[in-house]
1. Could you tell me what percent of the accessible area of segment 208-271 is made up of carbon and sulfur, with a 1.4 Å probe and every protein chain present?
2. Amide H of H240: which non-local residues (sequence gap of 5 or more, or other chain) have their own amide H closer than 5 Å, using H built in the peptide plane?
3. So, with a 1.4 angstrom probe, what is the percent of accessible area on segment 50-111 that is carbon and sulfur?
4. Would you calculate the separation in nanometres between label points at D127 and D160, each defined as 7 Å from the Cα along the Cα-to-beta-carbon direction?
5. For segment 258-318, state which trypsin sites (Lys or Arg not before Pro) are in a DSSP loop and have at most 12 other beta carbons lying within 10 Å of their beta carbon.
6. Based on DSSP, what percent of beta bridges with both residues in segment 86-221 are antiparallel, to the nearest 5?
7. Rounded to the nearest 20 Debye, what is the dipole magnitude of segment 164-318 about its Cα centre when Lys and Arg each give +1 and Asp and Glu each give -1 at the C-beta?
8. In the chain, which whole DSSP H runs stretch at least 15 Å along their own axis (Cα) and average 0.5 or higher on the Kyte-Doolittle scale?
Amino acid sequence: MRWIWIFAWLSLTAAALAADEVAPGVALVSGGAYVLSEQPDGNSVLFDAPGGVIVFDTGRHAAHTRKVLDQAAAMGQPVVAVINSHWHLDHVGGNPTIRRAFPAVHIFASAAIKGARAGFLAKYRQDLFAEIAKLSDPVQKDGLLAEIAIVDAGPALEPDVVIEASGPRTIAGRTLDIHLERNAVTAGDVWLFDPKTRVLLAGDLVTLPAPFLDTACPRRWSAALAQLERATFTTLIPGHGPPLSRTQFAAYRTAYDRLLACAASKASNDACGAGWVRDAGALVPETDQKAAKALIGYYMEASLRAAPEQLAKLCGAP
Ligand SMILES: [Zn+2]
């Protein structure tokens with residue numbers, strides 16, 4: 001139920017923005033800003049590589065994936081590779097569309113989606129059907145049916161090249177430092193650093209206006225943020241939200257660690273939500289503060305202060 005209700009009123013949508021060039025040959029298709037009653041798209045980033053276009057994350061909604069394909073067309077090359085940061089539907093939902101458009105494409109990702117399809121996503125699908133049975137608004141029903149259709153794409157969401165370890169990889173003639181974190185946001189999170197432009201793609205290891213902790217191990221996420229900091233990036237593209245400088249990322253990391261410390265203290269959920277907004281400072285503009293506090297309030301119970309057995313499952317071996 002988690003994603004259904006929380007994103008029914010707090011969510012991101014594809015904004016009517018064209019792609020932004022974040023560095024020469026690197027374009028960002030933004031997942032958009034917060035609006036009501038839509039489920040989010042993650043940010044997508046395209047590399048204009050010597051052997052074709054590399055796409056990092058494909059979005060959820062058809063309109064977002066369309067923008068990704070339009071940007072690839074503007075680069076004048078076929079999409080030859082997709083890299084998924086993690087299996088959440090706002091990052092892999094466009095995989096089947098890209099596969100249809102470019103049947104020779106290779107999709108790189110961790111193997112975590114297999115476990116997710118058998119567990120989290122199967123349960124999510126059941127919850128969606130239960131929710132549809134309660135709805136009368138056809139537009140809302142269509143939104144949930146579209147969500148079920150993504151889950152039902154099944155194997156078309158999965159990678160054909162499984163990322164099992166960190167290290168440099170040359171894809172389409174471009175060498176990228178690919179990193180795998182286990183049991184942080186999901187069981188397998190991929191982030192990458194492009195040494196040529198010093199752009200870092202964080203996936204949902206960095207999300208604004210708040211960390212999205214639905215399937216996360218909070219403490220291992222913190223350890224992953226320390227890994228990001230070691231990369232010599234100048235620009236970091238989060239999974240949701242605008243590009244960050246190193247200074248802004250450092251503020252995010254500090255705010256994240258303070259949130260964990262707050263959750264471990266006797267402070268109230270509301271106090272931790274207010275603390276997140278205070279510590280994140282300018283990263284959470286005033287228009288997003290209410291949403292950020294509500295998200296943290298939700299995650300305090302659902303994740304940060306969840307039962308030890310639940311966290312042990314998400315965190316894996318110590
Ligand atoms: Zn996301």
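1. The computed percentage sits at 53.
2. Excluding prolines and chain starts, which carry no amide H, the hits are N43, L208.
3. Details: 1240 of 1980 Å².
Percent of accessible area from carbon and sulfur atoms in segment 50-111: 63.
4. With each label placed 7 Å out from Cα toward Cβ, I get 3.3 nm.
5. Filter output for segment 258-318: K266.
6. For segment 86-221, the DSSP antiparallel bridge percentage is about 90.
7. Charge dipole, segment 164-318, about its Cα centre: 280 debye, nearest 20.
8. The answer, listed by residue number, is 138-152.
The values are calculated or read from the model by the stated rules, or taken from the named source; none is laboratory data. This one's a predicted model, so the numbers in the text were calculated from it and none came from an experiment. Backbone-built Cβ (ideal geometry, glycine too); neighbour counts: all protein chains shown. Just the protein is used for accessible areas: all its heavy atoms, side chains included, with ligands, DNA and RNA removed. Shrake-Rupley method; radii C 1.70, N 1.55, O 1.52, S 1.80 Å.
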